Number of protein chains: 2
Amino acid sequence: MTNPGSVGALGEFGLVAAVVGRFPSTPDVLLGPGDDAAVVAAPDSRVAASMDLLVEGRHFRRDWSSAVDIGRKAAAQNLADIVAMGARPTALLVGLAIPADLPAAWATDLADGLAQECALVGATVVGGDVVGSDLVVIAVTALGDLEGRDPVTRAGARPGDVVAVAGRLGWAAAGLMVLGRGFRSPRAVVDAHRVPHPPYAAGRAASLAGATSMIDVSDGLVADARHIAQASGVVVALESVRLLPDQPIIDAAAAFNMDPLAWVLTGGDDHALLATFPAEVTLPEGFTIVGQILSGEPEVLVDGSRHEGSGGHDHFGH
Amino acid sequence: MTNPGSVGALGEFGLVAAVVGRFPSTPDVLLGPGDDAAVVAAPDSRVAASMDLLVEGRHFRRDWSSAVDIGRKAAAQNLADIVAMGARPTALLVGLAIPADLPAAWATDLADGLAQECALVGATVVGGDVVGSDLVVIAVTALGDLEGRDPVTRAGARPGDVVAVAGRLGWAAAGLMVLGRGFRSPRAVVDAHRVPHPPYAAGRAASLAGATSMIDVSDGLVADARHIAQASGVVVALESVRLLPDQPIIDAAAAFNMDPLAWVLTGGDDHALLATFPAEVTLPEGFTIVGQILSGEPEVLVDGSRHEGSGGHDHFGH
């Protein structure tokens, strides 16, 4: 009764063997997949750790994205969380809940995508779990090495700091709208929805340059700026003149008669880095100033007016 | 349209706040929940890491187990993986995919269960993720400290070693059958299905005593012994006279006209520890000898005959 070529036909152990072979070892992998636990290097006696879940139909659609793309995205959003602490990603653990009738090639393509994205930062997959489920759910834990530096949290922004961003804003949100309306172009934003391009190198550079706070923009610029405002007890004042939409956003906005700035302010999932720096710091490559930190009750201002953003992305809201 | 008292009514951020408050800090928590990543101590510059998924309807049923029980079980099976490496569990990350109409109290009870089980070993929850889903899926990553010792893998068993077990065998499987047939007793085995009792202290003790291999019995004694046989390239020879079923298993077997030994050999989910030791070692407290390691093509013998066990628990098989 099992479809040939399905994960059910391959079986759990066959699937695990096929998937694990796609993950290279690295110097950080002291014991790789295949035992009760992996062992990963933590050179400075600390490990940064983060977990995200991706649920089919909510965070990805198999008819909109290839398995390779979904694997890359699942890895990217977790690697970005580690990078946003100023740490170097070392390893992922990946839990995969999948239906027995899923093509085995989908699962191995997903593994290829995870491996490809990890390779961009020198990380790899060291372990995980595969279980049956009626729904595809991907759980990813990322581990990272702080290289002896303090973690760059959300709580260190101080009045007088500049606010800066590295990476794309609004591309993925534009791409999601394009796909949601049944289109497949403009291609640049659709591709950005499928596979984010976090500015990996910028996280470490920000930490080395003395960033006082940093966050991965996953909920939207205003929503994530609010996390910094609240954790640091400051006002984040953004200036729209410094938030010029990139050309692909302008193109997509023109097609839908949208204000491109709305995507820039509220679109998540590009995994840009939002950071604050003392005003005297020379910004690391890739960062551009988008505002400043003021004292006052924690809030986010855009051109001096309080902005609610999207209110943050409530995962139960849809 | 949102049910009062549901996670949807509470919202993602309200739920996270309610859940996070249930997790105490520990000396291993250098940065707790609330940032892009947590930071956990890794005193010997290595971290042991493992991940398991639990899917509603496959690994637990909300009508069979309380949320506290499910939280304890989710923690226990991951803590056991770390303990099976001879490591000390330090922290969990927990991803929770849940429907918006789930009662918020279910989610906070789950958190209480996670916290209670972690407290048994001095660990805590340091991070995670909450997302919407039509199905409850719980992803748990456990981290651990090897305390300067080598990890005890599955690959070190040598001919002449004794094979020993700490913890329960077959209880959870018996309990699952009782529940599956619509009963709620014998209570001891039903409770064992709901909340396993891994012999946490035995893992470290085995490592200190010089265990040559170790595995957490999650698939069943024979199936997990086969993992050691294959990884170590040896024969695991078990002796049924040393595998006397505990009284609750005997009672349950009598009620269903079953052979209690079948549960002992093939029942998983009690998270006993199966380990091998050089013959001259004084076994640590909690371990009893159940067989020996022989040379030969990797296989598992029970009283000299090859035993297929349950063939391992294939997660796509049901």
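What follows is calculated from the coordinates using simple rules that are stated; it is not laboratory data. A quick note: this is a predicted structure, and the numbers were derived from the prediction, not measured. For neighbour counting, all protein chains shown are included, and Cβ atoms are generated from backbone atoms with ideal geometry for every residue, glycine included.
Quick notes on this structure:
- Among B:GLY203, B:GLY160, B:GLY233, the largest mean-square fluctuation in a Gaussian network model of chain B, built with springs joining Cα atoms closer than 10 Å, belongs to B:GLY160.
- At most 13 other Cβ within 10 Å, DSSP loop - GluC sites (Glu not before Pro), the stretch A:211-291: A:GLU280, A:GLU285
- Antiparallel DSSP beta bridges within chain A, percent to nearest 5: 75 percent
- With respect to chain A, whose longest principal axis is taken over its alpha-carbon atoms, helix A:7-20 is tilted by about 60°.
- Net dipole in debye of chain A [+1 Lys, Arg Cβ; -1 Asp, Glu Cβ; about Cα centre; nearest 20]: 380 debye
- For B:SER213, the amide hydrogen comes within under 5 Å of the amide hydrogens of B:THR276, counting only partners 5 or more places away or on other chains and with H modelled in the peptide plane.
- Nearest-first distances (nm) between copies at B:THR288, label 7 Å from Cα via Cβ: 7.1
- In terms of its Cα atoms, the stretch B:152-306 spans 44, 33, 22 Å along the principal axes, sorted from long to short.
- The C-alpha atoms of chain B define a longest principal axis, and helix B:200-209 lies at about 40 degrees to it.
- Filtered trypsin sites (Lys or Arg not before Pro), the stretch A:122-230: DSSP coil and at most 13 other beta carbons within 10 Å: A:ARG181, A:ARG184
- Ranked by how many other Cβ atoms sit within 10 Å of their own Cβ, fewest first, the residues B:THR2, A:THR288, B:THR108, B:THR141 fall in the order A:THR288, B:THR2, B:THR108, B:THR141.
- Using θ = phi - 60° in the Karplus curve 6.51 cos²θ - 1.76 cosθ + 1.60, the 3J(HN,Hα) couplings for the stretch A:299-308 round to 6, 10, 9, 10, 6, x, 10, 4, 10, 8 Hz; x is entered for Gly and Pro.
- Note on chain A: with a GNM built from Cα contacts shorter than 10 Å, the maximum mean-square fluctuation among A:HIS197, A:HIS59, A:HIS271 falls on A:HIS59.
- Isotropic mean projected area of the C-alpha convex hull, the stretch A:88-220 (nm²): 10.5 nm²
- For chain B, built as a Gaussian network whose Cα springs stay under 10 Å, the top-fluctuating residue of B:PRO43, B:PRO151, B:PRO159: B:PRO43
- Computed per residue of the protein assembly as shown from DSSP H runs no shorter than four, each worth -39500 (n - 2.57), the mean residue ellipticity at 222 nm is -10000 deg cm²/dmol.
- Inter-copy label distances for A:ARG62: 2.4 nm (label point placed 7 Å from Cα along Cα→Cβ; shortest first).
- Under the Karplus curve 6.51 cos²θ - 1.76 cosθ + 1.60, θ = phi - 60°, whole-Hz ³J(HN,Hα) for the stretch B:143-154, x wherever Gly or Pro sits: 10, x, 10, 7, 6, x, 8, 5, x, 8, 8, 8
- Label 7 Å beyond Cα on the Cβ vector: B:ASP251 copy-to-copy distances, nm: 7.2
- In Hz, Karplus ³J(HN,Hα) per residue of the stretch B:25-33 (6.51, -1.76, 1.60; θ = phi - 60°; x = Gly, Pro): 8, 9, x, 7, 8, 8, 8, x, x
- Neighbouring Cβ atoms from other chains, within 10 Å of the Cβ of residues in B:20-33, number 1 on average.
- Estimated FRET transfer efficiency when R0 is 60 angstrom, pair B:ILE250-A:SER25 (beta carbons, to 0.05): 0.80
- Against the main long axis of the alpha-carbon atoms of chain A, helix A:171-180 sits at an angle near 60°.
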